[in-house]
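Any read-out appearing in this document is the output of simple, stated calculations on the displayed coordinates, not a laboratory observation. Since the model is a prediction, treat every value here as computed from it, not as a measurement. All Cβ positions, glycine included, derive from the backbone under ideal geometry; neighbour counts span all protein chains shown.
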Protein chains: 2
Amino acid sequence: MPELRKDPVTGRWVIIAEERSRRPSDFLRESVPPPALDGRICPFCPGQEAKTPPEVFAWRTAGRANEPGWDVRVVPNKFPALRIEGGLDRRPDGMFDRMNGVGAHEVIIETPDHGAVLSTLADRQIELVLSAFRERVADLKRDRRFGYTMLFKNHGAAAGASLEHSHSQLVALPATPKRVQEELDGARRYFEFKERCIFCDIVRQEAGSPRLVLETGRFLVIAAYAARFPFETWIIPKDHDSHFEYADGPTLANLAWVLGATLRKMERTLERPPYNFMIHTAPLQDPAMQHYHWHLELIPRLSRIAGFEWGSGFYINPTPPEEAAKFLRESGVG
Amino acid sequence: MPELRKDPVTGRWVIIAEERSRRPSDFLRESVPPPALDGRICPFCPGQEAKTPPEVFAWRTAGRANEPGWDVRVVPNKFPALRIEGGLDRRPDGMFDRMNGVGAHEVIIETPDHGAVLSTLADRQIELVLSAFRERVADLKRDRRFGYTMLFKNHGAAAGASLEHSHSQLVALPATPKRVQEELDGARRYFEFKERCIFCDIVRQEAGSPRLVLETGRFLVIAAYAARFPFETWIIPKDHDSHFEYADGPTLANLAWVLGATLRKMERTLERPPYNFMIHTAPLQDPAMQHYHWHLELIPRLSRIAGFEWGSGFYINPTPPEEAAKFLRESGVG
């Protein structure tokens, strides 16, 4: 019997179609090939710094700004969706509302090594990437025009990556994205009723559940109870914190290992799939919140989304989360 | 300067990236090939009725049930995402909520002609398809387990169609889909403030706007003000009605022409793109509402969706709606 499950945070119902159950080998195969230069010049490689806009941040052991010697380098997107200059100028348009597309759009180049992918980097290198995330958010927070910072990664062309050199992205926006606002609203309703953070309750319950993928002293990795997509996986810090940028050094160090291990499990189980991840965090200018809890959502791109899902926001997931978690747990890597 | 626009119904912000502006010729080309049997046997063709589950409805001029002679035929999906039998059995699962996957999943075979596509059918045939939609919804409404009926179409493999013989689908669900619930909530808030239907106000304002694609006595076709996707197009009845299934004969007759004309404009402008449409209507068991207004949302599949959009619900649309509407208006077909 197929089952309907409700996401406890957003209230979204999902069909878990067990009888159509699909194992890792049943999915569309679009493995991401290992990055290779093949004689081409890559603007994210050391020595090509002039091919990007000037860097806004770097972790480096040698060289000056915009020279080789960096470990992680952050540059503005050459083709930004938003512009950094000017005021928002919020205004009506008849019955509608508009404002200027003011924001920041940055690229975090995760390694100087063109042949590397995030999952194969040393823990210390992933930690530098996460620290660069935190530094950039802390810096953009000083600009009061920005209400939200999204940190995300598109891995593989099928997941939207236009350059193969390993990188993630940051977008600073004047408004909170709708999906995050739904989480904030749902988490607030739960808090009003229970006087507890819903994510803290999920951590408590899922630690012993068949949806558990991985657990460390500081993080829980789980298949989401009402996962929209096969192998949708969440990384949640065990200790309550509303904002990613408040994470301390030991937390980022542990997250580096957890993220790498989770990606390695996914790449082994699903044969290097394209994937997206995004960090969901509280709005930039809001103070620390009792009811919201930052986390990372990771989604491999395994199947096409049909009109049913688009038009409705009602998803059909052919892989029960308990089975997805089992495959990841038993993948033999970590 | 890029612009941020807010969808007035759901409150979702969208980036309209004018400087990345993309014309019809700039998009990924995945034209849907004309249907052709090439010697294969199609379960939706006349004479193959035994290859589908027994029909639940048909418009026919000859023959008996499950025989040739039909103009439009409705059958249960052979691989349904939901099952028609049994009770919902709503129950907790620790802190979570689940229920049985009870629902209906039907296929509306739009024509006996394997070589036809919806946009090329005669107006009268499209009207039969729309009447079949209405008949099925009216029938399923009698089953109090079902809270919502979704009518949608996936055209082309890239839009999720698994069989090429022209068809649309109906899913009856116990719960209202999230995207529709957001519209219901937003429309209610607007009504509480203005004491008017927001869709009626959109009809009044957009009739004279550069986003107008087509207007008849009964319908308005517009590019959505805060369109998430390039060429996202809405068909809205001018007269207020919350439920699609209350549409009368003359309204469906006019919609048949309007839908056909809109699809022909889109197919000419974008070279037969894959597309999805969905009818957004009020929940099945609710009485007529003053604040909600049924409509049809049509989205051609022109570009891949990246991690940014997935994770955030924040869309970047590279084609301003005013330009999309102009291309469709001037397509030379109707």
Next item on the list: Multiply the residue gap between residue B:95 and residue B:114 by 0.36 nm, knock off their C-alpha separation, and tell me the result in nm, one decimal place.
Entry: 1.9 nm
Note to self: Charges on Cβ only, +1 for Lys and Arg, -1 for Asp and Glu, centred on the Cα centroid of region B:3-329; of B:81, B:70, B:213, which one is farthest towards the dipole's positive end?
What the structure shows: B:81
Check: Most fluctuating residue of B:114, B:165, B:293 in a GNM of chain B with Cα springs under 10 Å: which is it?
Finding: B:114
Notebook entry, point to check: Assigning unit charges at the beta carbon (Lys, Arg +1; Asp, Glu -1) and nothing else, what dipole magnitude in debye, to the nearest 20, does region A:8-141 show about its Cα centre?
Noted result: 240
Margin query: Expected output is a single nm value to one decimal: the length gained when fully extending between residue B:215 and residue B:144, i.e. 0.36 nm times separation in residues minus the C-alpha distance. What is it?
Written below: 21.9 nm
Note to self: Can you sort A:289, B:150 from fewest to most other Cβ atoms within 10 Å of each residue's own Cβ?
What the structure shows: A:289, B:150
Check: What relative contact order, as a whole-number percentage, does region B:71-226 give when Cα pairs under 8 Å and 6 or more residues apart are counted?
Finding: 19
Item checked: Karplus (6.51, -1.76, 1.60) ³J(HN,Hα), θ = phi - 60°, over region B:264-270, in Hz, Gly and Pro reported as x -> 5, 5, 5, 5, 5, 5, 10
Notebook entry, point to check: Taking 0.36 nm per residue of separation and subtracting the Cα-Cα distance, what length does fully extending residue A:322 through residue A:51 add?
Noted result: 93.0 nm
Item checked: Rounded to whole Hz, the Karplus (6.51, -1.76, 1.60) HN-Hα couplings of region B:171-179, x for glycine and proline -> 10, 9, 10, x, 10, 7, x, 4, 4
Item checked: Under-5 Å amide H pairs with residue A:238, H placed in peptide plane, nonlocal only -> A:219, A:220
Margin query: For a quick check: with amide H placed at 1.01 Å from N, whose amide H comes under 5 Å from residue A:214's, ignoring anything fewer than 5 positions away on the same chain?
Written below: A:221
Item checked: Cα pair distances in region A:184-289, grouped into 5 Å bins until the bin that holds the longest one, percent each -> 2, 10, 20, 24, 21, 14, 6, 2, 0
Check: Got the relative contact order for region B:3-329 handy, in percent, Cα pairs under 8 Å and 6 or more residues apart?
Finding: 23
Item checked: Kirkwood Rh in Å, taken over chain A so that all alpha-carbon pairs contribute -> 20.9
Check: In whole angstrom, and with the biggest value first, how far do the Cα coordinates of region B:1-93 range along each principal axis?
Finding: 62, 50, 27
Note to self: So for region B:10-131, averaging the separation of alpha carbon pairs under 8 Å that are six or more residues apart and normalising by length, what relative contact order in percent results?
What the structure shows: 22
Check: Taking K and R as +1 and D and E as -1, what net charge do the other residues with C-beta under 9 Å from the C-beta of residue B:99 add up to?
Finding: +2
Check: For residue A:37, what is the net charge nearby, where nearby means another residue's Cβ is under 13 Å from its Cβ and Lys, Arg count +1, Asp, Glu -1?
Finding: -2
Checklist line | Computed label-point distance, nm, for sites residue A:25 and residue B:163 using a 7 Å Cα→Cβ extension | finding: 2.9
Check: If the viscosity is 0.890 mPa s and the temperature 25 °C, what Stokes-Einstein diffusion coefficient in µm²/s follows for the protein assembly as shown when Rh is the Kirkwood radius over Cα pairs?
Finding: 94
Note to self: Using the crude model of +1 on Lys and Arg Cβ and -1 on Asp and Glu Cβ, and no other charge, please compute the dipole size for chain A relative to its Cα centre, in debye to 20.
What the structure shows: 300
Note to self: Please list 3J(HN,Hα) in residue order for region A:88-105, calculated via the Karplus relation 6.51 cos²θ - 1.76 cosθ + 1.60 where θ = phi - 60°; whole Hz, with x for glycine and proline.
What the structure shows: 6, 6, 5, 8, x, 9, x, 7, 9, 10, 9, 8, 5, x, 8, x, 10, 9
Notebook entry, point to check: So what is Rg over Rh here for region A:83-201, counting just Cα atoms and using Kirkwood for Rh?
Noted result: 1.05
Item checked: Amide hydrogen neighbours beyond the local backbone of residue A:301, cut-off 5 Å, H modeled -> A:275, A:276
Next item on the list: Loop only per DSSP, at most 15 neighbouring Cβ atoms within 10 Å: give me the GluC sites (Glu not before Pro) in region B:232-334, ordered by residue number.
Entry: B:271, B:330
Item checked: Label point distance in nm, residue A:123-residue A:191, each placed 7 Å from Cα along Cα→Cβ -> 3.2
Margin query: Given Cβ point charges of +1 (Lys, Arg) and -1 (Asp, Glu) and nothing else, what value in debye, to the nearest 20, does the dipole of the protein assembly as shown about its Cα centre take?
Written below: 60
Note to self: For a quick check of your reading of the filter: which GluC sites (Glu not before Pro) in region A:145-226 sit in a DSSP loop and have no more than 11 other Cβ atoms within 10 Å?
What the structure shows: A:195
